[in-house]
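Read the structure below first, then the notes.
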Amino acid sequence: MTHFPGLDRWQAERIVMQGLWTSTDDPASQILIEGSDVQEIYGGARMSRLFAQIAPRCEDAPNVGPVMIQTDPESRERFCYLIEDVSEDWLELIYFGNPNPLVYWR
């Protein structure tokens, strides 16, 4: 394996997104991002685990980005989210097809 510095356009976003996030709408709803794994947690119970990647855009979605594409490893179903905003303590995702943003804090 060889590392090519500067080739990952979203390295900064990828790094800052790591960790536990709590929904501003429902404090029982959380996501834990570790590497390329996204673990959905509700009320302390671990729910689905998804594989995530950051890409310039999603198929069948507006030509905007970057986006986070989450894939269920069992069903191969894909979910696409626009990364609207991300910082050390704020994450805002927009699921294409749903006008209400998903906002998380930590």
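Here is how the numbers come out for the structure above:
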item	result
Cα-based convex hull, the chain, per residue volume (Å³, whole number)	120
Length gained when the stretch Asp89-Gln39 is fully extended (0.36 nm per residue, less Cα-Cα span)	16.2 nm
Choice from Ile15, Ile41, Ile83 with maximal GNM fluctuation in the chain (Cα, 10 Å cutoff)	Ile15
HN-Hα J in Hz across region 29-40 - Karplus 6.51, -1.76, 1.60, θ = phi - 60°, x for Gly and Pro	9, 9, 10, 10, 9, 10, x, 9, 9, 10, 9, 8
Inter-label distance, nm, simple model (7 Å from Cα along the C-beta direction), Arg49/Asp8	2.0
Pair Val64, Thr24: separation of 7 Å Cα→Cβ label points (nm)	1.6
With every protein chain in place, the chain: carbon and sulfur % of accessible area (1.4 Å)	52
Top of Arg76, Arg57, Arg49 by mean-square fluctuation, Gaussian network on the chain, Cα under 10 Å	Arg76
Highest-MSF residue in the chain out of Ser87, Ser75, Ser48 [GNM, Cα springs under 10 Å]	Ser75
Prolate/oblate/rounded label for region 40-97 (Cα gyration tensor, a/c 1.5)	oblate
For the chain: accessible area per residue (Å², 1.4 Å)	64
Kirkwood hydrodynamic radius (C-alpha pairs) into Stokes-Einstein, region 10-59, 4 °C and 1.567 mPa s, D in µm²/s	110
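The values are calculated or read from the model by the stated rules, or taken from the named source; none is laboratory data. The structure displayed is predicted, hence computed values, not measured ones. For neighbour counting, all protein chains shown are included, and Cβ atoms are generated from backbone atoms with ideal geometry for every residue, glycine included. The protein model used for the area step is the full one, side chains on, heavy atoms only, and it has no ligands, DNA or RNA in it. Shrake-Rupley method; radii C 1.70, N 1.55, O 1.52, S 1.80 Å.
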